[in-house]
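To start, the structure itself, in C-alpha cells.
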C-alpha cells in the first residue's frame, strides 16, 4: 500500500537555525508528494509539492526535492523564524481516479527566539 | 474566491449518539474528501465524493457515511458514536483531475 514515514519526535531549534525534517515513502505507481503545515487551532495548508522525480518544490523559504532513488522528500529551510512554529506533515497521492492523500504522523517544530 | 468552509467548529456528543458535519467546497471544485485527525496523528482518509457519488473509501466502518449535494457541498454522518471518534474532522476539496487538495479549518468532535 501507500504510506509515508516521518522522523520521530518534535523538533526544537533556535531562530535562524537550519531545519530538516525527514520523510520517506512507499507507493505503488508514481506518487505526487506534498508538505502540509498546520498552525495551532487551524486546518492544513499546502506548503509545497512535487509531482515527478527530481522536481524541487519550494515556498516561503522551504524546499523539498523528490528523490525516487531513495524514496524521500525531505523538507529543509535555511533560516527558521519563530513564525515557522507549527506541525509539518508529509503526504503522498497516487491518482488512479482518486486523489486521496496518505499522511505521515507529522512533526511538531518549535522555534525559540 | 471563497475557500473551504466547515460547520460547526466544535461539537460535543455522548457515546451512542449520531452527528452530522458539513462542508462547503471551494468554488470550481467538484470533489470533496473527508479525513479524520486524531490528537497527535496525521489525517486519515475516510472517503471521497465526486459528483454526488462515493469515489473511494478508507478503512472506516459503515457507520461513517456521507453525502454530496448538487452544489458539491458535503456532509459526513457518524452513527453510534464511540469515544475513539473524538478527533478533528477535516474536509478538503479539489478538482478530481488535479492533485492538489484544499482543506477547511476542521470540526473538532468530542465524544463523552
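The values are calculated or read from the model by the stated rules, or taken from the named source; none is laboratory data. Predicted, not measured: the structure shown is a model, and the values here were computed from it. Every residue, glycine among them, receives a Cβ derived from its backbone with ideal geometry; neighbour counts consider all protein chains shown.
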Test result for residue A:28, away from every other protein chain (no Cβ under 14 Å), modelled with pLDDT under 95 and surrounded by fewer than 22 Cβ atoms within 10 Å (Cβ to Cβ): yes
Any chance region A:61-73 includes a residue that's modelled with pLDDT under 95, surrounded by fewer than 14 Cβ atoms within 10 Å (Cβ to Cβ) and touching a strand residue (DSSP E or B) at 6+ places or on another chain (Cβ under 9 Å)? no
Whether any residue in region A:87-94 is in contact with a helix residue (DSSP H, G or I) (Cβ under 7 Å, 6 or more places away or on another chain) and either part of a loop (DSSP other than H, G, I, E, B) or within 14 Å of chain B (Cβ to nearest Cβ) (or both) is what I want to check. no
Return the only residue of B:61, B:8 being modelled with pLDDT of 95 or more, closer than 27 Å to residue A:104 by Cβ and surrounded by fewer than 18 Cβ atoms within 10 Å (Cβ to Cβ). B:61
Assuming residue B:94 fulfils every condition listed in (1) within 30 Å of residue A:9 (Cα to Cα); (2) in contact (Cβ under 8 Å) with a residue 60 or more places away in the chain; (3) over 13 Å from the mean Cα position of the chain (by Cα) apart from one, which condition is it? (1)
Among the residues of region A:1-10, which ones are surrounded by 12 or more Cβ atoms within 10 Å (Cβ to Cβ) and more than 22 Å from residue A:101 (Cβ to Cβ)? none
Can we say residue B:111 is away from chain A (no Cβ under 13 Å), modelled with pLDDT of 95 or more and either within 12 Å of residue B:35 (Cα to Cα) or within 14 Å of the chain's Cα centre (by Cα) (or both)? no
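Pick from region A:31-46 the residues that are surrounded by fewer than 20 Cβ atoms within 10 Å (Cβ to Cβ) and at pLDDT 90 or above: which of them is farthest from residue A:100 (Cα to Cα)? Walk me through it before giving the result.
Looking only at region A:31-46, we keep the residues that are surrounded by fewer than 20 Cβ atoms within 10 Å (Cβ to Cβ), and these are A:39-42, A:45-46.
From the residues that got through so far, the ones that are at pLDDT 90 or above too are A:39, A:45-46.
Numbers: A:39: 22, A:45: 16, A:46: 14 Å.
Per the criteria, the residue is A:39.
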